[in-house]
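One structure is given below, encoded as structure tokens.
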Amino acid sequence: MAMGMSWHLITSGASHGPPKPGAPKPLDPAALVELQTEAFTQSARQPGFNVAVNVPVKVQPGETFEAAFRRIGVSPDEAHQVVAALANTIDTVNIHAGLAFDAAIAKSRDPRGPVRLIGLSMRTGPATAITVSRTFDGALKLRELEEKVHDDTRVAQGEIHGSLYESAEALGATPAITAQVAKLFSHKLDFSRDIHAGDEFKLVFDRKVTESGRTVEAGDLLYAEIGAKGQVTRFYRFHAPGSAEPEYFDEAGKNIKGFLLRTPVDGARITSGFGMRFHPILGYTRMHQGIDFGVPIGTPVFAAGDGVVEEARWSSGYGRWLKLGHAQGWETGYGHLSGWAVKPGQHVRQGQVVAYSGSSGESTGPHLHFEVIEHGKKVDPKSAKVPSGTILAGRDLAGFKAERSHIDQLLTGKAAGGAQLAKADTAGLRGRTASE
């Protein structure tokens, strides 16, 4: 057909109104080329019509499938015919605005003649698509297409331009992977102040990927590195024998899981620091005993550390307020919330979503007020000397060093089997990617 789907595919279907698809069979590259050549030839031979052209189509609000086809000039009869063919594979009734597909249409050589639908191509998932093509005798043929998916360890490195999310996504990282990275570095870096354009980052992560390079599913983040403030911070994932779950360590084997997060929300900017300030509502200068992070209403708020929910209630000027109690006399407070995700007495883990930011109480706009309390005294969250993480030793340290060595080999391209290095240059991002 006229779309040219350049996939390694599986296919099924039949002419004259396809039956419900059965178990598809693998299609090797040679067979794919033959099938595509045949489809192009067929579309070019439609008697009385010009060669087909590709038209991108997007379903508009309130529009039906048939209406979308008629909008590009397809006759009502042909629109009904192709929708009937698609109904064997997808739900053609409950469609949503924005659904996109490519249609191949051929215009009649007679200026007053109709437009003919030669075929269409529509992605139905990260690794799947369907095509409908018209054979020489005018019948429609439906095919299911599926790319092969394989496990892959991805090495992505580049510079931050725009945001870390944008830069990492351009190199194959999913939002889930980048969220892990942001949460990981929140122990050490303030993304609103410490990260600048041009800072370098490196990520190593597992994923399931199609042959065309599309990430289907993100796996584990194995390594993360960011160069900021004139120094490089590196974290390695390691699952010590006997531990409940994997954790992250620096190159020396020190657990980077600090006692408290420095930033309990993603993508935040500091709008007001700790210290004396003019209160925008009360109209006089007084002590601001926390840090304000400017974030949209409803942004997830993370527990700064392991602990217990002490308070989840309305608290005067703080509005909806949450207070967590941690070990060794430490507490954290979260104000101006739009809602809570936990209840008093509940145990929470560091990084767990405990609330959602808002603008309740004495607030001039959406933000999170964050406090750190040491033995009853409120201290600056940025300079508080909280306890540090543990350090691996003995067999655990030896196992960690072996894992660290493997990651380092991936980063230098010296791992078994080698790594193919390719340049990536999209949307101002300068970087490189490699896969093992």
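The values are calculated or read from the model by the stated rules, or taken from the named source; none is laboratory data. The structure displayed is predicted, hence computed values, not measured ones. Glycine also receives a Cβ, built like all others from the backbone with ideal geometry; neighbour counts cover every protein chain displayed. Each accessible area value is taken on the protein alone, full model and side chains, heavy atoms only, with ligands, DNA and RNA left out. Shrake-Rupley method; radii C 1.70, N 1.55, O 1.52, S 1.80 Å.
Taken over the stretch 223-258, the residue count meeting the criterion of being hydrophobic (A, V, I, L, M, F, W, C) and open to solvent by 10 Å² or more (accessible area, probe 1.4 Å) is 6. Considering the conditions (1) at pLDDT 85 or above; (2) in a strand (DSSP E or B); (3) buried (at least 18 other Cβ atoms within 10 Å of the Cβ), Ile177 is excluded by exactly one of them, (2). Being open to solvent by less than 60 Å² (accessible area, probe 1.4 Å) and either out of contact with any His (no Cβ under 7 Å at 6 or more places or on another chain) or modelled with pLDDT under 90 (or both) is a property that holds for Leu261.
Of everything in the stretch 139-153 that is charged (D, E, K, R) and under 11 Å from Ala129 (Cβ atoms), the residue that is farthest from the chain's Cα centre (by Cα) is Arg143. For residues that are surrounded by 14 or more Cβ atoms within 10 Å (Cβ to Cβ) and either part of a loop (DSSP other than H, G, I, E, B) or in contact with a Leu (Cβ under 6 Å, 6 or more places away or on another chain) (or both), tally how many sit in the stretch 91-104. Adding up the residues that qualify gives 5. Take Arg116 and tell me if it is of a type in the set (D, E, K, R), farther than 28 Å from Arg214 by Cβ and touching a strand residue (DSSP E or B) at 6+ places or on another chain (Cβ under 9 Å). Yes; evaluated as a whole, the condition is true for this residue. Among the residues of the stretch 45-78, those that are part of a strand (DSSP E or B) and either of a type outside the set (Val, Ile, Thr) or open to solvent by 30 Å² or more (accessible area, probe 1.4 Å) (or both) comprise Phe49, Val53, Asn54, Val55, Pro56, Lys58. Scanning the stretch 345-378 for residues that are surrounded by 18 or more Cβ atoms within 10 Å (Cβ to Cβ), more than 12 Å from Leu324 (Cα to Cα), out of contact with any His (no Cβ under 9 Å at 6 or more places or on another chain) and not aromatic (Phe, Trp, Tyr) turns up just one, Gly351.
Does Ala402 count as open to solvent by 60 Å² or more (accessible area, probe 1.4 Å) and either at pLDDT 90 or above or more than 23 Å from Thr263 (Cβ to Cβ) (or both)? When the stated conditions are applied, Ala402 passes them.
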